[in-house]
There are 2 protein chains.
Amino acid sequence: MYVVLVYDIKTDEGGPRILNKTFKICKRYLTHIQNSVFEGELSKTQILQLKYELENVIRKDVDSIIIFKSRNERWMEKEMWGIVEDQTSNFL
Amino acid sequence: MYVVLVYDIKTDEGGPRILNKTFKICKRYLTHIQNSVFEGELSKTQILQLKYELENVIRKDVDSIIIFKSRNERWMEKEMWGIVEDQTSNFL
């Protein structure tokens, strides 16, 4: 399945640590395409694994993650306006 | 078309003003579902109008916007993990 994941981690005292962990988990499964946005192809099992890992890290009362799933990447068209992030960057 | 829009506005000196303008423009066209994420149903013409408005506001060298378009909302499945933002909130 083609997946787009967006996270929103609250920037309070514990925020940076959670953000760092969340980023690293997402990065193992998906491609980083914008500040808090990832995309990629995942199986249903991988989505469950990713969900399990993330739910152990994020705070369910303040942080949120949205994933959009499409059975076929061709059903989704992507457009970028403004600066386009270098997908080959080694950020983090 | 079903549209998901995610923006990433650089938080430098001019950032907050750009962010505020970007938010207000997106809010006129779409529903706010997470910090910097909007979704909704737009025609091709509305997408072009939205693009035109946003490109007059964002800085093309530092800010970025990604939009994902799907001809049919049913082709996209959405899941929320963690806190779910109240879509009826009057934030901003």
Self-check item: Residue ID - nearest to the other protein chains (Cβ to nearest Cβ), chosen from residues in segment B:12-36 that are touching a helix residue (DSSP H, G or I) at 6+ places or on another chain (Cβ under 8 Å) and among the hydroxyl-bearing types (Ser, Thr, Tyr)
Solution: B:Thr22
Self-check item: Filtered residue count, segment A:58-82, keeping only those that are farther than 14 Å from B:Trp75 by Cβ and surrounded by 18 or more Cβ atoms within 10 Å (Cβ to Cβ)
Solution: 8
Quiz item: For segment A:1-24, what are the residues that are open to solvent by less than 50 Å² (accessible area, probe 1.4 Å), more than 12 Å from A:Ile67 (Cα to Cα) and touching a residue at least 60 places away in the same chain (Cβ under 8 Å)?
Solution: A:Phe23
Exercise. Tell me which residues, restricted to segment B:58-83, are within 7 Å of another protein chain (Cβ to nearest Cβ), among the acidic types (Asp, Glu) and within 18 Å of A:Leu5 (Cα to Cα).
Key: B:Glu77, B:Glu79
Quiz prompt | Matching residues in segment B:25-34 - criterion: being in contact with a strand residue (DSSP E or B) (Cβ under 6 Å, 6 or more places away or on another chain) and in contact (Cβ under 8 Å) with a residue 40 or more places away in the chain | solution = B:Thr31, B:His32, B:Ile33, B:Gln34
Exercise. Can you tell me which residue among A:Ile33, A:Ile58, A:Ile25, A:Ile65 is within 11 Å of the chain's Cα centre (by Cα), more than 30 Å from B:Asn56 (Cβ to Cβ) and not in a helix (DSSP H, G or I)?
Key: A:Ile65
Self-check item: Residue that is under 23 Å from B:Met80 (Cβ atoms), of a type in the set (Ser, Thr, Tyr) and more than 9 Å from the chain's Cα centre (by Cα), where the choices are B:Tyr7, B:Tyr52, B:Tyr2
Solution: B:Tyr2
Self-check item: Answer residue from segment A:32-49, given it is among the small types (Gly, Ala, Ser) and closer than 18 Å to A:Trp75 by Cα and is least open to solvent (accessible area, probe 1.4 Å) among those
Solution: A:Gly40
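The values are calculated or read from the model by the stated rules, or taken from the named source; none is laboratory data. Remember, it's a predicted structure, so these values are computed and weren't measured experimentally. Counting neighbours? That spans all protein chains shown, and the Cβs are built from the backbone with ideal geometry, glycine included. Note: accessible area is taken over every heavy atom of the protein model, side chains too, but ligands, DNA and RNA are not part of it. Shrake-Rupley method; radii C 1.70, N 1.55, O 1.52, S 1.80 Å.
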